[in-house]
Structures are given as structure tokens and as C-alpha cells.
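Enquirer: Take a look at this one; I'll ask things after.
The values are calculated or read from the model by the stated rules, or taken from the named source; none is laboratory data. Values in this document were obtained by computation on a predicted structure and should not be read as measured data. Note: ideal-geometry Cβ built from the backbone for every residue, glycine included; neighbour counts use all protein chains shown.
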Amino acid sequence: MGKFLHAFFSPLDLRRAVPQVWDGFQTNIKLMVIAELLVLFFALVLAIVRGLPGRSTLPLRALAIAYTDFFRGTPLILVAYVAALGLPSLGLAVVSYQSLFTHGILSLTLVYTAYVTEVYRAGIESVHPSQPMAARSLGLTYSQTLRYVVLPQAIRRVVPPLLNDFIGLQKDTAIITVIGVTEALAQAGFYSNDFFVYAGYSVAALFFVILTIPFARFTDHLIKEREKRERAQLV
Amino acid sequence: MTETDHFVAVSGVTKRFGDNLVLREIDLTVDLHQVVCLIGASGSGKSTLLRCLNLLERVDDGTIRIDGQTITNGEVDVNALRQKIGIVFQAFNLFPHMTVMQNITLAPRKARGLSKAQAESAARELLDRIGLLDKADEFPDRLSGGQQQRVAIARALAMSPTLMLLDEITSALDPQLVGEVLNLVRQLAETGMTMILATHEMSFAREVADKVCFLDGGVILEHGPPDQIFSAPREERTREFLARIIEVGRL
């Protein structure tokens, strides 16, 4: 027991590891914020493409489906390796000469966009068809109907599952360490190599938990609020 | 009067849903300022006919002319057409994430391009007319069914339509709320609004309609002035339908 406490929780090491791990954790926060914003945008575009009407949009829709199927099924760690090691080896114009950090963003965005597209799509499909019908009957166009009537209702409904996916993304920023981005997990590793104790990992875990807890509580709160509202409507 | 003189001229309209023939060769004319009531059992095709009139449903056969313009040839600007034709639904279909004011001003602002101020001042006038000015900033779920339906009517009127289609607009309401909605429709009729309404309110149809059409199995079996249809129906099916309605006390 004493050995265990010493390895993971010695007060001196914990204190010493904090600045070093914090240094790396800022990279996790950057990865998370940038990837989340990109995911929110691209996933919405894909979800809209998947819902487009008419036969002429079929190829586009098929492409969007293929994308989500592929990246939902591929492990993030694999995508990260391919982005960081595979792309540069190809010697392509722009994509091959990016920083590791950018390749990390790229991997997170590719994978999480697939998940979040499905979340948006579920939201869009949950809006009753009588809503777009009412909007179209007033002379609004397809895109106006989407923008003012369908999406606002759809997005409101999927905020809790969206936040849930972002908690996942937040944690998965640690995977980006495998391609050599010096983030919290990497710094924790450096610390344990230098001092032969694992306090760095404890600190990193603490940082991740501290970051996700408010998100989790906020999600719970939103779900509860919605249940309350929906029950009120039934009464 | 020739076909082209009528404000609305439906001829030979047929509509199928899969194998199900919902409308068969419907002929119907409506003149400017006329109120036409469609009556008939559920599933007789009343709603489908109304939806065909603003192209929410595509007709499989036949033609519809509105205000001198053929709308069934696939060349008409659907959005422009719908701006001129208001429709009100049985289930209100108000936008739940918008206030009453936003519900009413959305289409005038986005489809017609009015400024926020213009649209809101017109909306306030409408709300005043329907007696709901104090509800402008409420969300629809805070209103009673009757109030919601009056807002839905105001939302359609905000586009200054030349034709109003009312699809069983009192069928989802508690009996004590029906009156306020019908009063509003009566006022509209008095101002000369051209209207086609599908309804189960027979006494109301008798009172406001210039013409009543009885639909049965996707066919207009009989049409004429309300007095004739309700007092001396020619068709056996019409008599049966009206007898059933009288039984449940709606006439």
C-alpha cells in the first residue's frame, strides 16, 4: 500500500508534476476546442447533405453515408497514425507538410464528425414533418425552412447527446500523444521517466476529470430540464 | 361563364397514393369572394384536395388554374404561389420554438422581404383583430387550442393571401373553443376572403358557404347551394352522410 501511494500519490511528486503536466494539458485543451468547433460545423453540413431531397442529390448523399460509415468504424488511433505518418510520406502539396498538432486536429475532426453527423441527423429526423410542411405552405424555400424551422428545433433537442460526444472527444485528445504531440499524457510519461514515480499520470487523470465533470453535470442538467418541460406538456 | 373566369378552376384532378385512388377526376370551380365548403367522411379526399391546391401534394392527372394561372404544369414558381394561398391545418402546426410574433412575421420577413418593423406592425394589427395582441410574446404552448388556431390563421393572413384553405381547423379543438375560431372565419368571409374549407361543422357550413360539395370516395358526388344540399340532397349517399351527422348532433 505504501509503495502504491508513493508511486502514484506522493505529495511532493504530485506538486512537482502539476506545472509540467499542465504545460501539456494546454495542448489538449487547444486540440479539443479547435476540433470541436470544426466538428460542429462539418457534421452539420454532412447531416444537411444526407437529408437533401430529390434524386439528383443521391451521389452526394451516398458520399456522406460512406463517410460516416467509414470513420465511425475506424479506430481514432489508426486514423491518427495514417494522418501523421502516412500523409507526410506521400509528399503531397499542402497536407503532407503540416505540424503534428494539425494532423492531430485532422484525425479528431475526421472521426468525431462522423459521430456528430449522426447526432444531428437524429435531431433533424425528430422534427415532425408537419413543421416543414407548415413552413413551405407559407412560401418559405427549402433552405429557409431548414434554417428557421427545422434546424433550431433539431439542434435544441440534440444538445445533450452532442455534449456527451464532446466529453468523448475531450478524453480522446490524449490519443494524439501516439503521433508525438506533447500533450498531458506525454508530459506525464516524461515525468515518470525522470523520477520513477507515476504521479504525473495521477495529475493528468485529475486534469481530464476536472475538465469533464462540469460538462457532464451540465448535460445532466439539460436532460432533466427537457424531461421537466416534456412532462409539463403532457399534463 | 367560361372556365377561365373562375378564380379557382379544378378540372379532372386525380391523385393516387400508391394503389389508393384518393381523388378521381375532381371538377370544382370557386369564384372570387366565394366560400366553398367541402364535406364528407374522413378519408373522402377533402384534405388531399386542399393540399393539391397549393401544391403540397402533386396531382397525378388533371389541371388546376388559380387566378388565371395554371399551377399543375410543373412550371409555376411554387414558393411564389404558396405566398398567395394561405392554408391552416387541423393541428395548427405553429412553430413551437418561436413566439406568436415570430410565428406571424417569419414568412413576411423571409419570403416577402419585409423589414422587421414593417412585418411586426402588420402582425400587431392582425393580432389586434383576432384579440390576441397581449399574447404577442408568448410561446404557442402557453396558449389554448383555440388561441393557437387563431394565431395560425393570423400567420397565414400575414402573407395577404388571395385564397385561404382551411383544413378541418376546428377538429382538434375542445367543443367550447370551436366558437372563437369559427367567429374569426365568419369575419373573414364577411370581408370577402375567398375560402375553401374542409369541415365537419355542418351548421357553420350552412351559414357561411356559397357552395357546398359532398365528397365520397374521392369524388364530388354532389354540389350546390347549402340549402339544397342540406335540405334536399339528391344523392342517396349524401342523405346517409347527413343522417349520420344529425345523429351525432352536429347539424
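Enquirer: Quick test of your reading of the structure: residue B:103 fulfils all but one of (1) at pLDDT 95 or above; (2) out of contact with any Phe, Trp or Tyr (no Cβ under 6 Å at 6 or more places or on another chain). Name the failing condition by number.
Expert: Looking at each condition in turn, residue B:103 falls short on (2).
Enquirer: Out of all the residues in segment B:137-144, is one or more away from every other protein chain (no Cβ under 14 Å), in contact (Cβ under 8 Å) with a residue 24 or more places away in the chain and among the acidic types (Asp, Glu)?
Expert: So far as segment B:137-144 goes, yes, one or more of its residues are away from every other protein chain (no Cβ under 14 Å), in contact (Cβ under 8 Å) with a residue 24 or more places away in the chain and among the acidic types (Asp, Glu).
Enquirer: Tell me, yes or no, whether segment B:63-74 has at least one residue that is farther than 25 Å from residue B:224 by Cα, in contact with a Leu (Cβ under 7 Å, 6 or more places away or on another chain) and outside any strand (DSSP E or B).
Expert: Scanning segment B:63-74 turns up at least one residue that is farther than 25 Å from residue B:224 by Cα, in contact with a Leu (Cβ under 7 Å, 6 or more places away or on another chain) and outside any strand (DSSP E or B).
Enquirer: Right, something else. For residue B:41, indicate whether it is more than 14 Å from chain A (Cβ to nearest Cβ), among the small types (Gly, Ala, Ser) and in contact with a Lys or Arg (Cβ under 6 Å, 6 or more places away or on another chain).
Expert: For residue B:41, the condition - more than 14 Å from chain A (Cβ to nearest Cβ), among the small types (Gly, Ala, Ser) and in contact with a Lys or Arg (Cβ under 6 Å, 6 or more places away or on another chain) - is not met.
Enquirer: Across segment B:86-107, what is the total count of residues that are closer than 29 Å to residue B:7 by Cα, among the hydrophobic types (A, V, I, L, M, F, W, C) and within 8 Å of chain A (Cβ to nearest Cβ)?
Expert: So the count comes out to 6.
Enquirer: How many of the residues making up segment B:145-165 are surrounded by fewer than 23 Cβ atoms within 10 Å (Cβ to Cβ), more than 18 Å from residue B:197 (Cα to Cα) and within 11 Å of chain A (Cβ to nearest Cβ)?
Expert: Within segment B:145-165, residues that are surrounded by fewer than 23 Cβ atoms within 10 Å (Cβ to Cβ), more than 18 Å from residue B:197 (Cα to Cα) and within 11 Å of chain A (Cβ to nearest Cβ) number 1.
So that you can scan it fast, the table gives a plain yes or no per residue for (1) at pLDDT below 90; (2) basic (Lys, Arg); (3) part of a helix (DSSP H, G or I); (4) farther than 20 Å from residue B:167 by Cα:
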site: B:207; (1), (2), (3), (4): no, no, yes, no
site: B:212; (1), (2), (3), (4): no, no, no, no
site: B:223; (1), (2), (3), (4): no, no, no, no
site: B:230; (1), (2), (3), (4): no, no, yes, yes
site: B:234; (1), (2), (3), (4): no, yes, no, yes
site: B:240; (1), (2), (3), (4): no, no, yes, yes
site: B:246; (1), (2), (3), (4): yes, no, yes, yes
site: B:249; (1), (2), (3), (4): yes, no, no, yes
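Enquirer: Which residue, of B:232, B:205, is among the aliphatic types (A, V, I, L, M) and surrounded by fewer than 16 Cβ atoms within 10 Å (Cβ to Cβ)?
Expert: Result of the check over B:232, B:205: B:232.
Enquirer: Identify all residues within segment B:1-42 that are among the aromatic types (Phe, Trp, Tyr) and either crowded, with 17+ Cβ neighbours inside 10 Å or in contact with a strand residue (DSSP E or B) (Cβ under 7 Å, 6 or more places away or on another chain) (or both); write none if there are none.
Expert: The one that is among the aromatic types (Phe, Trp, Tyr) and either crowded, with 17+ Cβ neighbours inside 10 Å or in contact with a strand residue (DSSP E or B) (Cβ under 7 Å, 6 or more places away or on another chain) (or both): B:7.
Enquirer: While we're here: Do any helices (runs of 4 or more DSSP H) lying entirely in segment A:45-95 carry at least 2 residues that are closer than 30 Å to residue A:154 by Cβ and free of Cβ contacts under 8 Å to residues at least 24 places away in the same chain, and which ones are they?
Expert: By residue number, A:58-73.
Enquirer: Among the listed residues B:148, B:176, which satisfies the condition of being modelled with pLDDT of 95 or more, out of contact with any strand residue (DSSP E or B) (no Cβ under 7 Å at 6 or more places or on another chain) and not hydrophobic (A, V, I, L, M, F, W, C)?
Expert: On inspection, the qualifying residue turns out to be B:148.
Enquirer: Given the condition without any contact (Cβ under 8 Å) to a residue 12 or more places away in the chain and crowded, with 17+ Cβ neighbours inside 10 Å, answer yes or no: does some residue in segment B:167-181 qualify?
Expert: Within segment B:167-181, none of the residues are without any contact (Cβ under 8 Å) to a residue 12 or more places away in the chain and crowded, with 17+ Cβ neighbours inside 10 Å.
Enquirer: Is it the case that some residue within segment A:14-26 is loosely packed, with under 13 Cβ neighbours inside 10 Å and in contact (Cβ under 8 Å) with a residue 60 or more places away in the chain?
Expert: Checked against the condition, which is being loosely packed, with under 13 Cβ neighbours inside 10 Å and in contact (Cβ under 8 Å) with a residue 60 or more places away in the chain, segment A:14-26 yields no hits at all.
Enquirer: Right, another one. Among the residues of segment B:109-118 satisfying the criterion of being outside any loop (DSSP other than H, G, I, E, B) and more than 9 Å from chain A (Cβ to nearest Cβ), which is nearest to residue B:168 (Cα to Cα)? Even if it seems obvious, please write down each step before you answer.
Expert: Applying the first criterion (outside any loop (DSSP other than H, G, I, E, B)) to segment B:109-118 yields B:109-110, B:116-118.
So of that shortlist, the ones also more than 9 Å from chain A (Cβ to nearest Cβ) come out as B:109, B:116-118.
On the way: B:109: 28, B:116: 32, B:117: 33, B:118: 31 Å.
Per the criteria, the residue is B:109.
Enquirer: For residues in segment B:71-82 being surrounded by fewer than 22 Cβ atoms within 10 Å (Cβ to Cβ) and facing chain A (nearest Cβ under 10 Å), which is farthest from residue B:152 (Cα to Cα)?
Expert: B:77
Enquirer: Helices (runs of 4 or more DSSP H) wholly in segment A:107-202 with at least 3 residues that are in contact (Cβ under 8 Å) with a residue 12 or more places away in the chain, more than 26 Å from residue B:166 (Cα to Cα) and within 14 Å of another protein chain (Cβ to nearest Cβ) - which ones?
Expert: Output list reads A:151-172.
Enquirer: Let me ask you something else. With respect to residue B:91, is the statement that it is over 14 Å from residue B:213 (Cα atoms), small (Gly, Ala, Ser) and outside any strand (DSSP E or B) true?
Expert: Yes; evaluated as a whole, the condition is true for this residue.
Enquirer: Another question, then. I need a count of the residues in segment B:57-106 that are of a type in the set (Asp, Glu) and in contact with a strand residue (DSSP E or B) (Cβ under 7 Å, 6 or more places away or on another chain).
Expert: Going through segment B:57-106 one residue at a time, the tally reaches 3.
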